[in-house]
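Derivation of every value follows stated rules applied to the coordinates shown; laboratory data play no part. None of the values given here were measured: they were computed from a predicted structure. FYI the Cβ positions are ideal-geometry reconstructions off the backbone, even for glycines, and counts take in every protein chain you see.
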Amino acid sequence: MAVEVLTTPDGRAKTALSRRHAATWFAAREAGTPLPVGTAKPPLRPARPDAPELLDPRDVPKRKPGSPQGRIALLHAVAHIELNAVDLHWDIIPRFAHVNMPLGFYDDWVKAADEESKYFNLMCDCLEELGSHYGALPAHAGMWRAAEDTVDDFMGRLAVVPMVLEARGLDVTPGMIEIFRKADATSAVAALETIYAEEVGHVAYGSKWFHFLCGRHDHDPKDAFHTLVQRYFKGALKPPFNEEKRAEAGLPPDFYWPLAAS
Ligand SMILES: [Fe+2]
């Protein structure tokens with residue numbers, strides 16, 4: 001199921017399949033007959049649509065967030081992040097299926113993938129409402145980099161993807177909501193508020209399973225986090241941090257402050 005999602009190129013088709021597979025997984029769980037986890041070989045890179053064109057972040061044109069074009073560019077960038085997040089959450093399942101994990105681990109990433117699928121669709125709806133669509137603008141090419149770098153490091157994947165990249169989402173989303181609120185863009189505000197309310201759960205899943213694996217291997221979680229982020233994440237973490245939401249997600253200040261740009 002994960003590999004099917006990963007190898008589907010079109011965004012709307014990918015998220016539709018993702019949501020369908022998530023529903024199947026949870027229906028089986030609720031019936032008390034969980035699906036076997038099994039094994040499958042995920043592609044190194046997920047299938048993607050022909051558009052958007054993927055550019056080096058330095059070549060992605062910057063637009064003023066105060067303008068209508070700037071708001072479209074912002075929604076487009078979020079849609080692109082969400083599509084990558086769908087693939088990231090499905091990828092972690094077959095990628096590390098050789099590691100014996102409790103069923104709750106799979107529940108969490110299937111749920112996160114389902115939610116990211118919903119967010120991608122919401123962002124596409126907002127773009128279409130403004131006369132644009134996903135694929136109309138160039139997008140960031142480096143988004144899958146974290147997945148490739150941690151392709152054989154399970155704890156590294158958890159440290160970088162949910163606990164650094166998704167935690168960054170908690171820091172920046174309130175500012176984005178303000179931009180759309182000032183523009184009276186009600187559907188974008190509602191969509192971003194949904195993302196903001198639920199995204200904390202994805203960071204929490206990362207922290208939960210990172211701590212679980214640290215416990216299994218008798219590692220100090222904070223030291224392990226610092227080592228892995230320094231190994232796989234290029235550059236310092238950017239304050240200001242959303243300390244409240246990070247705490248809610250199980251990320252204490254001594255995890256991220258020592259990695260921050262001074
Ligand atoms: Fe997420």
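General remarks:
- When ARG19, ARG95, ARG157 are sorted by how many other C-beta atoms sit within 10 angstrom of their C-beta, beginning with the fewest, the order is ARG19, ARG95, ARG157.
- The mean sequence distance of close C-alpha pairs (under 8 Å, at least 6 residues apart), as a share of the length of the chain, puts its relative contact order at 20 percent.
- Relative exposure of HIS133, HIS217, judged by other C-beta atoms within 10 Å (fewest first): HIS217, HIS133
- The packing ranking, built from the mean of other Cβ atoms within 10 Å per residue, places the peptides 114-124, 166-176 in the order 114-124, 166-176, highest first.
- Neighbours of ARG19, meaning other residues whose beta-carbon lies under 12 angstrom from its beta-carbon, give a summed charge of +2 when Lys and Arg score +1 and Asp and Glu score -1.
- Gaussian network model of the chain, Cα within-10 Å springs - most flexible of GLY206, GLY250, GLY131: GLY131
- Checked against a 24 Å cut-off, the cross-linked pairs LYS41/LYS245; LYS64/LYS111; LYS62/LYS234; LYS41/LYS234; LYS14/LYS41 give Cα-Cα distances beyond that limit for LYS41/LYS245; LYS64/LYS111; LYS41/LYS234.
- 20 °C / 1.002 mPa s Stokes-Einstein diffusion coefficient of the chain, Kirkwood radius on C-alpha pairs, µm²/s: 113 µm²/s
- Summing +1 for each Lys or Arg and -1 for each Asp or Glu among the other residues whose beta-carbon sits under 13 angstrom from that of ALA249 gives -4.
- Screening the chain for whole DSSP H helices with an alpha carbon extent of at least 20 angstrom along the helix axis and a mean Kyte-Doolittle hydropathy of at least -1.0 yields 11-30, 68-95, 103-129, 167-182, 186-217.
- Overall, segment 96-247 carries a charge dipole of about 420 debye about its Cα centre when +1 sits on the Cβ of Lys and Arg and -1 on the Cβ of Asp and Glu, all other atoms neutral.
- Applying both filters, DSSP loop and at most 14 other Cβ atoms within 10 Å, to the GluC sites (Glu not before Pro) of segment 1-60 gives GLU53.
- Scattering profile of segment 111-262 at q = 0.10, 0.15 Å⁻¹ [log10 I(q)/I(0), Debye over alpha-carbon scatterers]: -0.39, -0.85
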